[in-house]
Amino acid sequence: MNLVQSVAIKRVRLVARWAANVLLGLFAVFALLVVLYRFVNPPFTLHSALEELRLGSVERKWVEIESVPDHLLRALVAAEDANFCLHWGFDIDAIRAAIQAGGKRGASTISQQVAKNVFLWQDSSVARKLMEVPFTLGIELVWSKRRILEVYMNVVEFDEGIFGAAAATRKYFDQEIDTLDEFQSARLAVVLPSPKTRDAAQLSETHIARMFDVLDGVQTIAKDGRSTCFDG
C-alpha cells in the first residue's frame, strides 16, 4: 500500500467516523425529545412554524385531555384509526388494504401521524416515511395511548392555520371544546383527512354521510372495547 492509498483510507475512515457520530448524536437528541414530550407539551411543530411564517399567524391552543369530551376522542379514533388501542403503531390490516387498493386509501395510524406532525415534516417522500418508523415505535414504547391521543388532537391541522381541536372548535362553532356535542365532534373528525378543503361547519352531502359513519363508529368502539386504552 502506497502513501496515497494510506491517506485516502484514513480520510474515508475519518469521514465514516464523523458521519456515525453525527447520526448517533441526532438519534440521542430525538430519543431525548420522545421521552421529554411524554411529560412536556410540544411548544410548536415544524409544520405549524412554517405555516406561521407563510400566513403571518396561526391559531393554536393546547387543551388537556381531561377537558375534552369522551365523544370527541372516540370520534377522532373512529374516523382516523379505529384499531388505535389494538396495534403497536402500525395497523398491518390497514396497510394490506391500502396496498390492495393501489395506494388510493390511507393506512397511517394516529401514532404515525403524531410522529410526522411532532418530529418530522409534511410530505410523502421515502425519506420521511422511513424516519417515521423509529419515531412511531419510540412513541408507542414511551408514551401511553392516552398521551398519544392528547398530543394528536392538539397538533393536527383542522383548517389552514388552525391547529388543534380547541382552536378548531372556536373557528367552526365559536365555542369552547368542553361544550362540543356528539355531532360537532364527528364533524371535526370528518375534516381531518383533508383539512384545507373541508369545512366542519358546512359539510357536503358526502361528508355528512361520512359524519354519520363516524357516529356509528363511536358507538361501536365504545361497545367492543376499542376505546378502553384512552377513555377517561
Worksheet item: Which residue out of Asp199, Asp178 is open to solvent by 20 Å² or more (accessible area, probe 1.4 Å), within 27 Å of Leu55 (Cβ to Cβ) and either aliphatic (A, V, I, L, M) or out of contact with any strand residue (DSSP E or B) (no Cβ under 7 Å at 6 or more places or on another chain) (or both)?
Response: Asp199
Worksheet item: With Ser57, Ser48 as the choices, which residue is modelled with pLDDT of 75 or more, part of a helix (DSSP H, G or I) and under 25 Å from Ala168 (Cβ atoms)?
Response: Ser48
Practice prompt. Kindly list, by first and then second residue, each pair from a residue in the stretch 208-227 that is within 13 Å of Ser185 (Cα to Cα) to a residue that is polar (S, T, N, Q) and surrounded by 14 or more Cβ atoms within 10 Å (Cβ to Cβ), limited to pairs with Cβ atoms under 7 Å and residues at least 6 apart or on different chains.
Written response: none
Item to complete: Look through the stretch 120-174, keep the residues that are of a type in the set (S, T, N, Q) and open to solvent by less than 50 Å² (accessible area, probe 1.4 Å), and return whichever of them is nearest to Pro43 (Cα to Cα).
Response: Asn154
Fill in: Selection from the stretch 164-179 of residues that are free of Cβ contacts under 8 Å to residues at least 12 places away in the same chain and either among the hydroxyl-bearing types (Ser, Thr, Tyr) or in contact with an Asp or Glu (Cβ under 9 Å, 6 or more places away or on another chain) (or both)
Thr179
Item to complete: Looking only at the stretch 181-196, count how many residues are closer than 24 Å to Leu50 by Cβ, touching a helix residue (DSSP H, G or I) at 6+ places or on another chain (Cβ under 9 Å) and surrounded by fewer than 17 Cβ atoms within 10 Å (Cβ to Cβ).
Response: 1
Discussion item. If a residue counts only when it is without any contact (Cβ under 8 Å) to a residue 12 or more places away in the chain, which helices (runs of 4 or more DSSP H) contained entirely in the stretch 74-163 have at least 2 such residues?
Written reply: 92-100, 126-142
Worksheet item: Here are Ala222, Ala201: which of them is touching a helix residue (DSSP H, G or I) at 6+ places or on another chain (Cβ under 8 Å) and assigned to a loop (DSSP other than H, G, I, E, B)?
Response: Ala201
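The values are calculated or read from the model by the stated rules, or taken from the named source; none is laboratory data. Owing to the predicted nature of the structure, the values given are computational and were not obtained by experimental measurement. Positions of Cβ are backbone-derived with ideal geometry, glycine not excepted, and every protein chain shown enters the neighbour counts. For the accessible areas, the whole protein counts, side chains as well, though only heavy atoms, and no ligand, DNA or RNA atoms are used. Shrake-Rupley method; radii C 1.70, N 1.55, O 1.52, S 1.80 Å.
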